[in-house]
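Below is one structure, written out as structure tokens, with a few remarks after it.
The values are calculated or read from the model by the stated rules, or taken from the named source; none is laboratory data. These numbers were taken from a predicted model, which means no experiment stands behind them. FYI the Cβ positions are ideal-geometry reconstructions off the backbone, even for glycines, and counts take in every protein chain you see. The accessibility values were calculated without ligands, DNA or RNA, using every heavy atom of the protein model including side chains. Shrake-Rupley method; radii C 1.70, N 1.55, O 1.52, S 1.80 Å.
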2 protein chains.
Amino acid sequence: MIIVRTIGQMQSQSRVWRRSGRRIGLVPTMGFLHEGHASLIRLATKRSDTVVLSIYVNPTQFGPQEDLEAYPRDFERDEALCRDHGVTAVFYPDDTEMYAPSFSTWVVEDSLSLPLCGQSRPTHFRGVTTVVTKLFNAVLPDVAVFGRKDAQQALIIERMVRDLNFPIEIVLGPTVREADGLALSSRNRYLSEAERARAVAIPRGLRRAQELYAAGERAAPVLCSVVSAEIGSAGGHVDYVACVSRSTLAPLGEVAEPALLAVAAFFGCTRLIDNAFLD
Amino acid sequence: MIIVRTIGQMQSQSRVWRRSGRRIGLVPTMGFLHEGHASLIRLATKRSDTVVLSIYVNPTQFGPQEDLEAYPRDFERDEALCRDHGVTAVFYPDDTEMYAPSFSTWVVEDSLSLPLCGQSRPTHFRGVTTVVTKLFNAVLPDVAVFGRKDAQQALIIERMVRDLNFPIEIVLGPTVREADGLALSSRNRYLSEAERARAVAIPRGLRRAQELYAAGERAAPVLCSVVSAEIGSAGGHVDYVACVSRSTLAPLGEVAEPALLAVAAFFGCTRLIDNAFLD
């Protein structure tokens, strides 16, 4: 396994691989890898023969009051996980490599980025689409793998790839969960033991809403309120619970098409997101 | 020479070329080709062995009151010129191929795009950077050639390539002029015979300013006023004349660094741009 620190070196390496007919898979991450990332590596391994995992805590997707500085980092552990999972190269650029002082070009998705997390994190998705474009151009992958836990992000990246014609196949991996249902996230490490125990209200609420839906309930406000109630009674603070179209993210009154039930909630100072499909 | 109508076909073709070790040069155009474009094809031919010329009148770089519908088109003539100049492929997508009804992703440069043409055409450069990104991803070139007549556009594209890490070398070709100095432009065909004769005031003004600069004049307002006066006395209407830093496009008071003297002016209803270097 090689560690690549510069964009130029990454592009040269990828072009060598491409010329020799190898198919490149990219797993973009912010590091502090967990079993969710490992599952994405396995997906990339199935779809390509050369897996690049990028580790970059991208400052432009954090808001000014957010946890950029606190975001957990452990490169040695990440490197070991990548090695164990057969990753070919870790792309590990630093900020000076990624953002020149006069940086001024952004990739902006201006429809799907507006609701849900776009409401509480207004510059977040601009940072995501911009850095993903940069990673695509640095790694030149044939296929890139993202997690479905970040459902809105995944939809936005699929839209970006379509709109800007990136010659890249996007593959989405299912959310990996702890035994009690909490979605894996690097941010779970912020939770105190008590907060961690209470945070399970998020997947419990989503599951109850899915059960209600399976029993015939189609009113979006009812399905959302089940989730909010679970979180509230566990002492969490709901940022949003929304039932939206899975293709446009437009809010639904009645669930008459494939829907996404999406939630963001705080336990203590930690903001967690999760979602469930209704169909 | 092949004509390629779809993005998918273009990407497949480019990948075949790449695998066989060929170096791809792209000349992006809006068609109605003239000797300026021919000079860019010759530059591309020097820097690559496979030249793709794209023809696409990009609607998103035209403002609502601008000349999108009137923009001159002559595909047969363009095709013949390309064939005569040894172009390998003409990429000729249509609007339905380029912009889906739900298109929502833009590439935005938010510094160099603000002054000069950005003032009078506020959405123009967003359209340019977006379509150039799309063309880059469709054609996958090693090198792309643009004209220096569109000096601000060239600088913005260089910035975009740096910021978003496109693995593409940008080459700029000098402005090609008529015998009397008027810069070649597809829009010159809008000019009546009288307007055409008067429009030569633009390059004449720029040349006078360059002569003043060579004689030691360093005050930007003086250099600009020479250009404005020439255009005004020929009956043209100045949109802007500006003396700006050639690296940042910031306005200069004194010309103490490599400068760009940039002009946009109307003769009749036709808006023409031109520029000169001061150094």
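What to note about this one:
- Residues that are more than 11 Å from chain A (Cβ to nearest Cβ), touching a residue at least 12 places away in the same chain (Cβ under 8 Å) and hydrophobic (A, V, I, L, M, F, W, C) within the stretch B:1-34 comprise B:MET1, B:ILE2, B:ILE3, B:VAL4, B:TRP17, B:ILE24, B:LEU26, B:VAL27, B:MET30, B:PHE32, B:LEU33, listed in sequence order.
- Residues in the stretch B:208-241 that are within 23 Å of the chain's Cα centre (by Cα), assigned to a helix (DSSP H, G or I) and over 16 Å from B:ALA151 (Cβ atoms): 2 in all.
- One residue stands out in the stretch A:163-185 among those that are touching a strand residue (DSSP E or B) at 6+ places or on another chain (Cβ under 8 Å) and within 14 Å of chain B (Cβ to nearest Cβ): the one that is nearest to A:GLY236 (Cα to Cα), namely A:ILE170.
- Within the stretch A:53-104, the residues that satisfy the criterion of being surrounded by 13 or more Cβ atoms within 10 Å (Cβ to Cβ), of a type in the set (Asp, Glu) and more than 14 Å from every other protein chain (Cβ to nearest Cβ) are A:GLU66, A:ASP67, A:ASP74, A:ASP78, A:GLU79.
- Of all residue pairs spaced 6 or more apart or on separate chains, those with beta-carbon atoms under 6 Å, a first member in the stretch B:151-163 that is farther than 17 Å from B:PRO115 by Cα and a second member that is crowded, with 22+ Cβ neighbours inside 10 Å and polar (S, T, N, Q) are B:ASP163/A:THR105.
- Boolean, A:ASN188 is within 14 Å of chain B (Cβ to nearest Cβ) and of a type in the set (S, T, N, Q): no
- Residue satisfying all of: in the stretch B:169-181; of a type in the set (A, V, I, L, M) and in contact with a helix residue (DSSP H, G or I) (Cβ under 6 Å, 6 or more places away or on another chain); least open to solvent (accessible area, probe 1.4 Å) among these: B:VAL171
- Members of the stretch B:227-251 that are more than 14 Å from every other protein chain (Cβ to nearest Cβ), open to solvent by less than 40 Å² (accessible area, probe 1.4 Å) and among the aliphatic types (A, V, I, L, M): B:VAL227, B:ILE231, B:ALA234, B:VAL241, B:ALA242, B:VAL244
- Taken over the stretch A:159-188, the criterion of being in the same structural domain as A:ARG18 (by TED's automatic domain parsing), more than 18 Å from the chain's Cα centre (by Cα) and part of a loop (DSSP other than H, G, I, E, B) is satisfied by A:ASN165, A:PHE166, A:PRO167.
- From A:PRO221, A:PRO258, A:PRO203, A:PRO167, residue being in contact (Cβ under 8 Å) with a residue 60 or more places away in the chain and not small (Gly, Ala, Ser): A:PRO203
- Scanning the stretch B:23-37 for residues that are surrounded by 19 or more Cβ atoms within 10 Å (Cβ to Cβ) and outside any loop (DSSP other than H, G, I, E, B) yields a count of 8.
- Residues of the stretch B:228-239 classified as touching a Gly at 6+ places or on another chain (Cβ under 8 Å), within 18 Å of B:THR270 (Cα to Cα) and not acidic (Asp, Glu), total: 3
- Only residues that are away from every other protein chain (no Cβ under 11 Å) and under 16 Å from A:TYR56 (Cα atoms) were counted across the stretch A:105-146, and they come to 6.
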